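Asker: A single structure is presented below for examination.
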Number of protein chains: 2
Amino acid sequence: MNGAEAVLRTLADSGVSLCLANPGTSEMHMVAALDEVPRMRAVLCLFEGAATGAADGYGRMAGRPAAVLLHLGPGLANGLANLHNARRARTPLLVIVGDHATYHKRFDAPLESDIEALAGSVSGWVRRSARSADAAADVAEAAAAAMCPPGQVATVILPADVTWSADAEPVTALPVRPRSPVAGQVIDAVAAVLRGAEPSVILLGGAGMHRPALEAASRVSQATGARLLAETFPARHERGAGIPQVERLAYLAEMAEAQLDGARHLILAGARAPVSFFAYPGKLSSLVPDGCQVHTLAGPGDDIAGALAALADLAAPGVAPVPQQAERPGLPDGDLTGNSAAAVIGALLPEHAIVCDEANTSGLALPGATAGAPPHDWLTLTGGAIGQGLPLAAGAALACPERPVLALEADGSAMYTISALWTHAREQLDITTVIFSNRSYAILNMELSRTGAPAAGERARSLLDLSRPGLSFTALAEGMGVPASRAQTAPEFAAQLRRALAEPGPHLIEAVIPPFS
Amino acid sequence: MNGAEAVLRTLADSGVSLCLANPGTSEMHMVAALDEVPRMRAVLCLFEGAATGAADGYGRMAGRPAAVLLHLGPGLANGLANLHNARRARTPLLVIVGDHATYHKRFDAPLESDIEALAGSVSGWVRRSARSADAAADVAEAAAAAMCPPGQVATVILPADVTWSADAEPVTALPVRPRSPVAGQVIDAVAAVLRGAEPSVILLGGAGMHRPALEAASRVSQATGARLLAETFPARHERGAGIPQVERLAYLAEMAEAQLDGARHLILAGARAPVSFFAYPGKLSSLVPDGCQVHTLAGPGDDIAGALAALADLAAPGVAPVPQQAERPGLPDGDLTGNSAAAVIGALLPEHAIVCDEANTSGLALPGATAGAPPHDWLTLTGGAIGQGLPLAAGAALACPERPVLALEADGSAMYTISALWTHAREQLDITTVIFSNRSYAILNMELSRTGAPAAGERARSLLDLSRPGLSFTALAEGMGVPASRAQTAPEFAAQLRRALAEPGPHLIEAVIPPFS
């Protein structure tokens, strides 16, 4: 069989059963081979950033990689920003970049460029497949590499002749390395710190934000008085009624400093030592308080839940975790604002929902308003590269077709990868998209003053303004086959959200709100 | 003054007066400084690929660089595909990437990534500015580098603290190196080849496709019998009534081979030796015929027009160029197809129009139908990275506000950077966009068989299909503030195109056509 078919069969055997594709000529043999390997589902995206963001959402929810099929260097380039987010999320994700045939590269045809340079910027593992006979083994290694705890982007570059030459065979899937157990001495040492009763914070991240880890951490907190905090932008946070609650570190460094104030010990469980998202004149980059000692209980690729459970058994024997109580805000009346929209979402969030949160400044009230909603997953903008939410929602819905997905999107961010809505419609994904339409890059209006820039003049402010002309997200959604409505009061928003959540398939609600509301 | 202001003043002194921006927090001091330097016009784009594509269009038409202001690695990543096209077009273009403050980088904050790796893949010149005091000198060098013939992408990485530190001063603009003269011996040698009267082709490219070069080439062709051909995807082709006509090499290798068949000498004037756009099983990559000798009259950075003029003086003394006759097709009746749409465009194309051609398979009849239209410029997809046309049109309109711009777009390609329409509306650019809506990646349906892939099954064909759901480009345009209409017959298209061209400001026409029509 040809290399393309051997690659697809090997991927399917390796547990990769979804291919998000935006192919071109050099990938045509991969496309043709899809009909030979029905175990591989192919989903078309109209832009590579939609494909890579969807693969990120899929990997976060499925715990195994989707493949993305991209066209040479420029196709990979268009997918890089969401691969950057996936890298920060430590998502298992397999990138397949079709390239010119091996013998064609030296002719520097128009689409030729340095694919390896681009791939290296987001991938933990990169290989160029040199021969058709090796292609299956290469992708088997790539799939295993992508799954290597905690997960990473693995990229295979497949020259066109490697896919079309007919001397390939599938290979057996490779074993995936498990998470590393944490040594008993490390757990003992952390237990000793906690017994010292100095003010301590356990900072959770990665798999430390899934339910088993949160329950163990809650036990430790109850028994020792250590405070729990979580990384600012988790890949996947399991939360809601019945699950121990944990507050995330604030995006704003000054607020994060207040959260960490007084801590003498910072115990990392899947999280990194906290740093400011950006630098500001006269501010420190590290958010670790002066005199605070940092201890690593578990790194991102370690058995975080196991380490926390062992710690709980040592430090909190017989102590139970404290689950979040079920509670929802009432449905608000009156104006639609960020706050009232959050209350509506808290009131209506369905059980087992997957929330893809790229609401940015419009979402500040969301964590509080949804804390006691039925159990759900919360996926965030891990790498800060905006344009993630609509694709991420597509991938989450493809991974979990039985679960409702709620995409909470800032208007500015939505426009980067707006064509993801077409894939929502094409695959009839059960996604409700809420666009917080405040007609500005509100976060930049805030950052403009935080960076100490001179008082903004008219021309500076104009660069942060999205009101001229105003975007109609209902028109954009309908142009791509997604039914849409516009809400201008809290009750309108509640009625539209209730209806959208009740109906299967994609919907979009344009929530018109003032900035910073 | 701070680094940001010194940079903007130096750029303005260096002839860079337009900044296409999609900024973030690390660029806030650059944004604030815009109010101090009114000579720098700033135009907001909603996606970096729109900004870089616009800078490409501007540079091709203005002959000097626009600046693009991008946000760290992910912002640059989103702009790379159109920078790839600009690299292939050899457009003078200045990229400014804001980065974290110098002291913040080692903390590996969420948006940290390898900016140099990305920049290197598209830039002929890259520098990271290390100190505020050096920033102005760095951008002065960058502007000169961008202008270095034939033009290139030059990238400056500006850490946030380099822009905000207040120990900077503007510097004087640097001289720009002129195009290199071609040595007399080279011209003599080519003249000798032509005197040999063996079948010869002069292949024009780059500045060889501007009027003075075309006139000189036409004289040579008339006098010596050498055939004229042009590169497949020129950055800017001056053509139409009164300008010598030159046929471009076909995209399809088999057609290009036929065009070059029998040539014993291929004389390059600004073009590269022709290669197949893609590799195909069993086909050669080079399109130079067997036994054909390649001679370089002028490289892309040489004085191509001067070399052709000197050659004409040697080989064609007293011979006049043959201008294209004025002729237009009649307005067709009946169905709207790629062919009838081309006739309408040929019938109505205004004098001095700038055509941004990303029509792909729907545009095959365009060159013929417009050959005798009033003089105009034709800008093409130089690097093959689709998603260029709508941004390119924005940049062309910003460079030449007095000229009508016609963006001819394939539906699939349009979706990559569709948000460029918002910038068309915001700046009220005089752009008429025609979307050829055939609801398929038609070119890939063709390539699927050309690559020798097995007969396409249902799943393969589905990945090339854009009909489920159908995109409404009128809705998309109206969602971004661009008035739009849909044409389904040739007369409807003619009426709508006439109206759109007559009115100032942006318009969009969705031309519904069958694939390969």
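Asker: Could you rank the peptides B:382-391, A:212-221, B:469-478, B:171-180 by their average count of other C-beta atoms within 10 Å per residue, with the highest value first?
Answerer: Listed from highest to lowest mean packing, they are B:382-391, A:212-221, B:469-478, B:171-180.
Asker: What Kirkwood hydrodynamic radius, in Å, does the stretch A:230-354 give when the mean of 1/r is taken over all pairs of distinct Cα atoms and then inverted?
Answerer: 17.4 Å
Asker: Students often check this: by mean Cβ neighbours within 10 Å, which of B:461-468, B:161-168, B:339-346 ranks highest, and how do the rest follow?
Answerer: Ranking the peptides B:461-468, B:161-168, B:339-346 by packing returns B:339-346, B:161-168, B:461-468.
Asker: Assume the label is 7 Å from Cα along Cα to beta carbon: what separations in nm does B:Asp290 have to the matching positions in the other copies?
Answerer: Distances between equivalent label points, in nm: 8.2.
Asker: Remind me, relative contact order of the stretch A:94-214 in percent, using alpha carbon pairs under 8 angstrom and six or more residues apart?
Answerer: 28 percent
Asker: Which of A:Val162, B:Val344, B:Val95 sits closest to the plus end of the dipole of the protein assembly as shown, meaning its Cα is farthest towards the positive end, when Lys and Arg get +1 and Asp and Glu get -1 on the C-beta?
Answerer: A:Val162
Asker: Could you work out, residue by residue across A:114-125, how many beta carbons of other chains sit within 10 Å of that residue's beta carbon, and then give the average as an integer?
Answerer: 4
Asker: At what distance in angstrom do the alpha carbon centres of the stretch B:425-493 and the stretch B:318-355 lie from each other?
Answerer: 23 Å
Asker: Averaged over peptide A:426-435, how many Cβ atoms belonging to another chain are found within 10 Å of each residue's Cβ?
Answerer: Per residue, the number of nearby Cβ atoms from other chains is 1 on average.
Asker: Right, next: Among DSSP beta bridges lying fully in the stretch B:183-338, give the percent that are antiparallel, nearest 5.
Answerer: Looking only at bridges with both residues in the stretch B:183-338, the antiparallel portion is about 10 percent.
Asker: For the protein assembly as shown, give the magnitude of the charge dipole about the Cα centre (Cβ charges: +1 Lys/Arg, -1 Asp/Glu; no others), in debye to the nearest 20.
Answerer: 320 debye
Asker: What ³J(HN,Hα) values, in whole Hz, does the Karplus curve 6.51 cos²θ - 1.76 cosθ + 1.60 give for the stretch B:486-498 when θ = phi - 60°, with x put for Gly and Pro?
Answerer: These are the phi-based 3J(HN,Hα) values: 10, 10, 10, 10, 4, x, 4, 4, 4, 5, 5, 5, 4 Hz.
Asker: Still on this structure: For a protection proxy built on the mean count of beta-carbon atoms within 10 angstrom, sort A:86-92, A:303-309, A:244-250 highest first, please.
Answerer: Put in order of decreasing packing, that is A:86-92, A:303-309, A:244-250.
Asker: Sticking with this structure for a sec: State, as an integer percentage, the relative contact order of chain A based on alpha-carbon contacts under 8 Å between residues 6 or more apart.
Answerer: 14 percent
Asker: Given +1 on the Cβ of Lys and Arg, -1 on the Cβ of Asp and Glu, and no further charges, what dipole in debye does chain B carry about its Cα centre, rounded to the nearest 20?
Answerer: Using only the charged Cβ atoms, the result is roughly 640 debye.
Asker: Could you tell me how far the Cα centroid of the stretch B:163-202 sits from the Cα centroid of the stretch A:1-20, in Å?
Answerer: Using only Cα atoms to place each centre, the spacing works out to 49 Å.
Asker: Report, for B:Pro212, each distance to the same residue's label point in the other copies, shortest first and in nm; define the point 7 Å along Cα→Cβ.
Answerer: Values, ascending and in nm: 7.5.
Asker: In square nanometres, what is the average projected area of the Cα convex hull of chain B?
Answerer: Mean projected area for chain B: 24.9 nm², to one decimal.
Asker: Expressed as a whole percent, how much of the Cα-Cα distance distribution for the stretch B:442-517 exceeds 14 Å?
Answerer: The answer is 70 percent, as a whole percent.
Asker: So, one more: Which whole number gives the average count of other chain Cβ atoms within 10 Å of the Cβ atoms across peptide A:479-489?
Answerer: The per-residue average across the peptide is 3.
Asker: Would you mind telling me the antiparallel percentage of the DSSP bridges in the protein assembly as shown, rounded to 5?
Answerer: 10 percent
Asker: Along each principal axis of its Cα atoms, how long is the protein assembly as shown end to end? Whole angstroms, biggest number first, please.
Answerer: Principal extents (Cα only, largest first): 102, 66, 53 Å.
Asker: If you plug each phi of the stretch B:234-243 into the Karplus form 6.51 cos²θ - 1.76 cosθ + 1.60 with θ = phi - 60°, what whole-Hz ³J(HN,Hα) values come out, in order, with x for Gly and Pro?
Answerer: Couplings: x, 5, 7, 10, 7, 8, x, 4, x, 10 Hz.
Asker: Any idea what the alpha-carbon Rg over 2.2 N^0.38 Å comes to for the stretch B:327-396?
Answerer: Against the empirical 2.2 N^0.38 Å value, I get 1.12 for the stretch B:327-396.
Asker: Moving on. Under the convention of a label 7 Å out along Cα→Cβ, give the distances in nm from B:Gly15 to the same position in every other copy, shortest first.
Answerer: Copy-to-copy label distances for B:Gly15: 5.9 nm.
Asker: Under the rule of -39500 (n - 2.57) per DSSP H run of 4 or more residues, summed and divided by the residues of chain A, what mean residue ellipticity at 222 nm is obtained, to the nearest 500 deg cm²/dmol?
Answerer: -11000 deg cm²/dmol
Asker: Also, quick follow-up: With both partners inside chain A, how many of the DSSP beta bridges are antiparallel, as a percent to the nearest 5?
Answerer: Antiparallel bridges make up about 10 percent of those DSSP assigns within chain A.
Each value in this text was obtained by applying a stated rule to the coordinates, not by laboratory testing. Predicted, not measured: the structure shown is a model, and the values here were computed from it. Methodologically, a virtual Cβ is constructed for each residue, glycine included, from the backbone with ideal geometry; neighbour enumeration extends over all protein chains shown.
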